[in-house]
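Visitor: Right, I'll just put the structure down here and ask away after.
Every number in this text was worked out from the coordinates using simple rules, so none of it is lab data. These numbers were taken from a predicted model, which means no experiment stands behind them. All Cβ positions, glycine included, derive from the backbone under ideal geometry; neighbour counts span all protein chains shown.
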Ligand SMILES: [Zn+2]
């Protein structure tokens, strides 16, 4: 992910550590931003996101929620699951709906 998008997410969402690296392309910036807006409402602990990456064509979003109330953890996992499912429909490189994007089909 480019430095501008990375800086934006770290600045707006304290659950990303200051030196956080997003291990996916910029096409998923909107997905990650959208998910982060929802997660923000759960008041997650600062720096609790451990990894955000692409695996097997889908977004993976990992958190350390060991210190969080069970209901919050269930809710966070639900929101993440929804967005991870959605990521299969969005081109990781350009953010187009898969099918509408003709440039990156081979990936
Ligand atoms: Zn594309």
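Visitor: Considering the zone a paramagnetic label at residue 62 would reach in this model (a point 7 Å from Cα along the Cα-to-Cβ line), which residues of region 27-49 have amide N under 17 Å from it?
Guide: 47-49
Visitor: Convex hull over the alpha-carbon atoms of the chain: what's its volume per residue in Å³?
Guide: Value for the chain: 89 Å³ per residue.
Visitor: Which of 83, 96 has the fewest other C-beta atoms within 10 Å, and how do the rest follow up to the most?
Guide: Details: 83 21, 96 15.
Listing 83, 96 from fewest to most nearby Cβ atoms yields 96, 83.
Visitor: Quick one: 56, 75, 1, fewest Cβ neighbours within 10 Å first, how do they rank? Could you put the intermediate results ahead of the total?
Guide: Details: 56 6, 75 16, 1 20.
Ordered by Cβ neighbours within 10 Å, fewest first: 56, 75, 1.
Visitor: Pairs of alpha-carbon atoms within less than 8 angstrom and 6+ residues apart define the contacts here; what relative contact order does the chain have, in percent? Could the numbers behind the result be given before it?
Guide: Numbers: 135 pairs, mean separation 29.6, N = 107.
RCO, the chain: 28 percent.
Visitor: Give the percent of DSSP beta bridges with both residues in the chain that are antiparallel, rounded to the nearest 5.
Guide: Just about 70 percent of them are antiparallel.
Visitor: Further question: For the Cα atoms of the chain, what angle does the longest principal axis make with the long axis of helix 3-12, in degrees from 0 to 90, nearest 10?
Guide: Helix 3-12 sits at roughly 30 degrees to that axis.
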